[in-house]
Amino acid sequence: MIVGGTVRVPGDKSITHRALLLAALTRGTSHVGGALTSLDARSSARVLRALGADISPLRPGSVVTIRGRTRFKRPTRMLDCGNSGTTTRLLLGLLAAHRFPATLTGDASLRRRPMRRVTIPLSRMGARFDQSDGDGLPLTVRGGPLTPLRYELPVSSAQIKSALLLAGLAGGVGLELREPHGRSRDHTERMLRAFGFRVVEEDGWIRFSPDGRLEPFELQVPGDPSSAAFLVGAAILAQGGELRVAGVDLNPTRTGFLGVLQRMGAPVAIEDVAEHYGEPVGNLVVRPARLRGAQVMPREIPGLIDEIPLLAVLASRAEGVTVFREVGELRVKESDRLSLIAENLRAVGASAEVSGDDLHVQGGDAPPRGSVRAAGDHRLAMAFAVLGTVPGARIRVDDMACAAVSFPRFQETLRGLARVGAP
């Protein structure tokens, strides 16, 4: 494949979720352009409508209008969060400060994902929870007055951190939070600062003071760097050309994968950077490269956790061994992502194994061929579709439809990379 030209990726998923949540809890009308229109984003819009917000349909190319309220109304039915862990956990934080019960559920994958990592600290703040089936969903939250919290997170997680910050926002209480292994993505902190809330980092602690005020806003959502990573990966594996991915969010807590690619021998240029609503936005320029193995250390993982499937398939084409250290958190994503990365790499003829919480991938140059089980995991499906662009590859992914969770029309976009530069 010869790549060329300029492409754009869908709006950032993390920012879309947060923009919808904050606008829904803001009296007045807000407008969000460039919002992601994927299944996960629609899950957030759906549950927020059930809580009293008026949200226009999420359609590609349209500006989403949100008419919010200062407090949610009591829902009349169970809140279905689909496949979206972000919707579920961040919403639990907001609901913890509301004086009514609400029950959250989701699809089979989401119902299996752990929620106690959020409900335990929220319980310490004063919310109450009823879980009918172990650690997952369905789950009922009974909110009310909250108290300040000082808490060390069990893992570095933007979802846990954001749930607590949003609880502090909705409950009007202060927080002190500490992440154990590096910084997770900080979109919530940036957005809260934009509304005048005091969010500072001192001595490894994040300190939040509820002294700002939510006001109606207009926001243009930048492109999702996690989605851009798949197109970057395809360009690196191409046989020639140059690809520009325009308008991508370049938040430093989201671009750790670029540093790994640099060490692997595939530097990605960044150009035309400007700041929008507290987020740096710019273009990525990438060319094909010969890759070499690298070590990815624990402190890096929070900043590239979603890009590990893509980095792993690239590592299978590199010279030498790539090791991802302490990536056990992948076991509780949309699938047991850690085991499935290794299993599927072996299924297409590559060498990969899991040792404890580490993932080892041996590079090679034989054309990858075989069947891949995505288990409904959008990032696995897209990563192996990228690997399938290698000359001579014959990879069958059992469920490419799940890519729509985060990247609508992914397959068309991937196939179009070879044509965007054609005369």
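Overview of results
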item: Descending principal axes extents, segment 1-102, alpha-carbon based, whole Å; result: 57, 27, 18
item: Gyration tensor (alpha-carbon) shape descriptor, segment 275-423, a/c threshold 1.5; result: rounded
item: Ellipsoid equivalent to the chain - semi-axes via the Cα gyration tensor, in Å; result: 36, 23, 20
item: Accessible area (Å², per residue) of the chain, counting only protein heavy atoms and a probe of 1.4 Å; result: 38
item: Carbon and sulfur %, accessible surface of segment 289-411 computed with the full protein complex present, 1.4 Å; result: 45
item: Cα gyration tensor shape for segment 194-249, rounded if a/c is under 1.5, else prolate or oblate; result: oblate
item: Under 15 Å from Lys73, Cα to Cα: aspartates and glutamates that are on another chain or at least 8 residues apart; result: Asp54
item: For segment 243-307: rounded, prolate or oblate by the Cα gyration tensor [a/c cutoff 1.5]; result: oblate
item: Accessible surface of segment 1-158 [probe 1.4 Å, protein heavy atoms]: carbon and sulfur percent; result: 47
item: Globularity index of segment 154-221, i.e. its alpha-carbon radius of gyration over 2.2 N^0.38 Å; result: 1.09
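The values are calculated or read from the model by the stated rules, or taken from the named source; none is laboratory data. Predicted model only: the values in this text are computed from it and were never measured. Protein only, heavy atoms only, side chains kept; ligands, DNA and RNA dropped before computing areas. Shrake-Rupley method; radii C 1.70, N 1.55, O 1.52, S 1.80 Å.
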